Structures are given as structure tokens and as C-alpha cells.
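Enquirer: Questions regarding the structure given below will be posed in turn.
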Amino acid sequence: VSPAADPAVISPQDPTLLIGSSLVATCTVSPDFPLKAEDLYWTLNGRRLPAASYAALGPSTLSVALARLNGSRQQSGDNLVCHSRDGGILAGSCLYVGLPPEKPVNITCWSKNMKDLTCKWAPGTEGETFLHTNYTLKYKRRWYGQDNTCQEYHTAGTYSCHIPKDLALFTPYEIWVEASNRLGVAVSDVVMLDILDVVTTDPPSDVHVSRVGDLEDQLSVRWSSPPALKDFLFQAKYQIQYRVEDSSEWKVVDDVGNQTSCRLAGLRPGTVYFVQVRCNPFSIYGSKKAGIWSDWSNPTAASTPRSERVAGGCDPKGGEQNTTLRRELKQFFGWVKKHAYGCSNLGIKLYDQWRVWLQKSHKARNQV
Amino acid sequence: GDSWGIFTFLCAALCNLPALPALNCSEELGAGQSIQQTYDLTRYLEHQLRTLAGTYLNYLGPPFNEPDFNPPRLARAERVPSATVDLDLWRGLTDNARLAANYRAYSRLLCYLRVLDGQVGTAELRHRLGHFCASLQGLVLSIGGVMSSLGYPLPTGPAGPPTPPGAPAAPNDFLKKMDDFWLLKELQTWLWRSAKDFNRLKKKVPPAVVTLRLEARGF
């Protein structure tokens, strides 16, 4: 049994066109169907095209003229459809209208712990080509070796690729990106790099921030070096940034060197601080160059103690009543510790944190 | 062109899973619970499909994403197994036939969806399709598990009329869009029908299903 013939044929079928071009399409009804040119009409993406643009080229052939086409509404192609008078679909053609790709730009790469390479890039300045554009990252060792193609895409955003293995150190690589779509190909400029020049590492782990005894203006920060450090011949230098809870302004401590602890001083008493640490591998295999800073560690919070003997009181709701209350509370907690079991967490410090939280939530409530 | 023929052939070969390992769930769960789980899965997939279909039809563009869109079903679109069936016929199905129809349909639908996944343009769609295919694979396995626990053999051989190798699935992009539309429609209808199939099975399979299995073995 031969398959049923298509009711009609459209020409051109699935063409690719440059933005701004014009097109004349024809719909020819199959001889098996009793339809004439005057029984037909066209739609583009669901909207009926004006009859003024039609022309009957034969008893069962109707054409439509499309001028100055805009870029395709969807990347799967604009739907140009030939209908019979009652709305039935006889045939369709997908129009791919767009621009050839632009040269990809801004290729940046980094290697996590000298094991792999991840690169990202940006599409050319126009960006929107209206056509599906394929990007291929290629790389080869300079002076010899074949072109290799990166396989794992979208690891660090849409325009990125990850090369997981088989990378050589101490040798320059040439890296470039090819963009292609139905209208053409564009190749980026070649970037040359040595893996050792773009090394980064994981952020430091186990970041702890704690008070320094009763000192109101200091906090102690401790962290562990990223585990990959042990395996490789590089040193690490660190940077700390911290801010007060309510502010978005970070203060940076730059001269931390390669220790894994640091003391922050000159802080405000009774304030909650957020602290982050990051790491930069340097002196890789003895080179003088620095690597790439890691991401910041997740923020850790801690508060500086507040002494009750602060004159004037920073507490706006303060007054004689509160200092008396606090003193009494402190005495109560001291007694609890001596005479009750299992209440070791209860203490004046907890009361302080509660006060901080209370002020913060009060402020938030007042702001609304 | 040629690559489509290869695709179709590969699909047919891959999808003729002759022997799915019978799930041990019959020991722990019993067919009654497996049926309930399968029912729940079809409802979940129905829900997932709504989002997937919405995204996909928007990708195809108007008129495909218009609510009243109803294109003709051309001869080539009949490869996709149809869920619509005469009511009396449906009522009269044996448990085995009912389960087998579901098993065959979803195995085939999964095949076509996987091919779609390989071709589709945007990253978001690929992600959604991939997720849906994984869930659908789970449904096929779940149905297989129910069949095994009730002592029914899994359907083997090509599900439905075999497609001639080399026959192009869709000779142009617009017809392919129509095929995709109907694939999603049939999936929707199947999931809607399966909920009713499994509801019916739920009522028929008693909690003590051990007796059923012994009877099956007695043949």
C-alpha cells in the first residue's frame, strides 16, 4: 500500500535566508485533491498573510511574496503554512532567517589544580543570530600535535567547555572557538597559554571564626589549605574579606601570606561579622607567577563580644534598667552553671547574641 | 536522509529489550503496591509532561503552541502507538493484555523521545527532555515489574508494525514538527489512559497476590 500523497507541496522547502531578504513561496496542490488556487491562503507563525501579497501562478498553485524578513521568531524556524479555505493544513515550510555567526571573543581559561582546563567565551557582539549556533572549542599543542575538540560543554555557563584530562604541562597550547550556524562559520582569535599559567584551586575549607577571649574588637579566623595543595609543588597565599552584617562593603586583608590563621583587629564590639577566605596558588614548580584566585569560601559569621562597662551605651533602647537586668542575668547564669546540669550552653554570651538578633529583627520590622 | 534511516533502525534494535531482569520487588512489595506505584508514576509523568509540552511547543512556535491547534494526522504519524481504543474493547482487556499494551506503547514512545533529545536545539529543552526520558524509563521498568510479579511474560519483539529500515521518518522540517506535535499528544493521551488502566488493575488484584502467582506457575 503506497503511503497517501501529501495534499500539497511548498517551494522552497525549509530555506535559509539572511535577515532583510525577500522570498516568494509557492503552494501547489496535489492532483488528487479537488482544490483550486482561490481555495488557498497562507499563514506565517499562525498569522494570516494579506491576500494582496498572493498571486495565482496556475489553476492549483498559489504564491505569496514576503519582503524584508525579520529574524526568525524561534530557532526551530518560522512556520509558513499553506491552508485550504476551511483552515485545514495542506503543507508547511520552515523559514530560517538570521545572520551568520560573529567571531567568539574573550576566551578565558583556568585549570583546577593543574588537572584539567575549563574555558569560557562570549559570542560576538551581535549575540542574537536568530539561528541555532553551535560552538566548538578546539585546542592543540603549539608546533605539533593534531587539533583536539572539547567534548563537555556548558560546565561553567552556556559558553563554556571542560577538558578533563590528557593535558601536558610545560608546553604552550593554542585554543580557539568555532561558531557555526546555517549561514556560515566564524573562528575566534587563537589564545596561547601554558596550563601552569592559569592554575587555580578550590577555596579553603573549614573556615572558623571565633572570639579572642573577651577582646571586643578582635576575631580570630582559621582555615585549612585546600587538599590539592599537598599533592603539588606550589605554595598558597590567602586573602580574607569581611564585612559588618548590615553593610555591603567588604574590607580586604591582603597580607595574610601563607599562614592558615589570622586575627582581625579594630572591629566594632557587639557586632556580627561575615568572613570569607580565598586562595591563590603561586610559585608553581618554582615559577614566579601567581595563579588565579579561587572562589571565596562560603561566608562564616561570628560576633564580637560587648562589654557591659561601655560608657554611654551604644544600645538605643538602653538605660539603667537594662544594665541592671543584664547584671542580674549574668549572676543567674553563673548560679545555673554551678547548680544545674545540662545547661552549659546557657550563658551571658547567648543572651548577647539574642540581643543582636533582636535589634536586627526590630530594625527589619521598622523598615517595612 | 540516510541518517534518519539509521536512527530508526538503531532505535528498533535498542528498544527490543528481550529480557528485562524481573524486579525483586514482588518479594518485598507485592503486585498491589507495585500497581499503586505505577499509577502514581503515571500521574507524576502527566504533570511533568504538561511543562515539557508547553516548553517544546513554544520552541516549535505558532501555530503549534496554540490551544486549538489540530493538524491532520498524516500516514507517517501512525508509527506512534495510539492510545485511543474502543470502550468495550478496553473494558474487555485481560490484565496481561492491558499491561502489555502499556509496556509496548511506552517502550516505543521512549524510543522516539530519545531520538528527539538528540536533535533538539536549546539547552533548556534538552535538560527537560532528558529528565522526562529518565522518568519514562522508570515507568517502563515499573510496568515490567508489575508484569513479572503477576507472572506474565514481558512482551518481546518489535512493538507494533515494524518500520521499514531506511524509510525517512519525516522528509522535511515542517512535517517533522507535526510528528513531534503528535508524539507529545499521544504521550498525553497514553498517560491519561494509563491512569485508568492502573486504577482498574488496582481493584482487580487482591492484596494476597501469592495465590495468583502459584496459579500462573501451575500451567
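Enquirer: Once amide H atoms are placed 1.01 Å from N in the peptide plane, what residues at a sequence separation of 5 or more from A:Ala91, or on another chain, have their amide H within under 5 Å of its amide H?
Expert: Hits under the 5 Å cutoff: A:Cys82.
Enquirer: Taking θ = phi - 60°, what integer Hz values does the Karplus form 6.51 cos²θ - 1.76 cosθ + 1.60 yield along the stretch B:85-92, in sequence order, with x for Gly and Pro?
Expert: 8, 4, 4, 5, 4, 5, 4, x
Enquirer: Determine the alpha carbon to alpha carbon distance for each of A:Lys120/A:Lys165; A:Lys112/A:Lys138; A:Lys120/A:Lys251 and list only those over 27 Å.
Expert: Numbers: A:Lys120/A:Lys165 17 Å; A:Lys112/A:Lys138 19 Å; A:Lys120/A:Lys251 29 Å.
As for pairs spanning more than 27 Å Cα to Cα, those are A:Lys120/A:Lys251.
Enquirer: Please identify which residues in the stretch A:58-101 have an amide N closer than 17 Å to a label point set 7 Å out from the Cα of B:Glu124, following the Cα→Cβ vector.
Expert: Counting backbone N atoms under 17 Å from the label point, the list is A:73-77.
Enquirer: With N denoting the number of residues in the stretch A:105-197, provide Rg(C-alpha) divided by 2.2 N^0.38 Å, to two decimal places.
Expert: Numbers: Rg = 13.3 Å, N = 93, 2.2 N^0.38 = 12.3 Å.
For the stretch A:105-197, the normalised Cα radius of gyration comes out at 1.08.
Enquirer: Right, next: Which of the lysines could a cross-linker span from A:Lys337 if the Cα-Cα distance has to be under 23 Å and same-chain partners fewer than 8 positions apart are dropped?
Expert: A:Lys349
Enquirer: Once phi is turned into θ = phi - 60°, what whole-Hz ³J(HN,Hα) does the Karplus curve with 6.51, -1.76 and 1.60 give for every residue of the stretch A:219-225, x standing for Gly and Pro?
Expert: 9, 10, 10, 10, 7, 9, 5
Enquirer: Over the stretch A:1-139, what is the relative contact order in percent, taking alpha-carbon pairs closer than 8 angstrom and at least six residues apart?
Expert: Values: 265 pairs, mean separation 33.9, N = 139.
Across the stretch A:1-139, relative contact order equals 24 percent.
Enquirer: Let me ask another. In whole Hz and in residue order, list the ³J(HN,Hα) couplings for the stretch B:194-203 that follow from phi through the Karplus curve 6.51 cos²θ - 1.76 cosθ + 1.60, θ = phi - 60°; x for Gly and Pro.
Expert: In residue order, the calculated couplings are 4, 4, 5, 4, 6, 4, 4, 5, 3, 6 Hz.
Enquirer: Report, ordered by chain and residue number, the aspartates and glutamates lying within cross-link reach of B:Lys176, taken as a straight Cα distance under 16 Å and ignoring same-chain residues fewer than 8 apart.
Expert: A:Asp6, A:Asp14, A:Asp78, B:Asp2, B:Glu78, B:Asp117, B:Glu186
Enquirer: Mind checking which aspartates and glutamates have their Cα closer than 14 Å to the Cα of A:Lys289? Skip sequence neighbours fewer than 8 apart in that chain.
Expert: A:Asp194, A:Asp197
Enquirer: Please work out how much length the chain gains when fully extended from B:Thr51 to B:Asp68, using 0.36 nm per residue of separation minus the C-alpha to C-alpha distance, in nm with one decimal.
Expert: Working: separation 17, 0.36 × 17 = 6.12 nm, distance 1.77 nm.
Full extension of this stretch gives 4.4 nm more.
Enquirer: Counting residues in the stretch A:202-304 as N, plug N into 2.2 N^0.38 Å and put the Cα Rg over that result. Please list the in-between numbers first.
Expert: On the way: Rg = 14.3 Å, N = 103, 2.2 N^0.38 = 12.8 Å.
With N residues counted in the stretch A:202-304, Rg over 2.2 N^0.38 Å equals 1.12.
Where a number appears in this text, it was derived from the coordinates with a stated rule and is not lab data. Everything quoted here is computed from the prediction, not taken from an experiment. We place every Cβ from the backbone using ideal geometry, glycine too, and count neighbours over all the protein chains shown.
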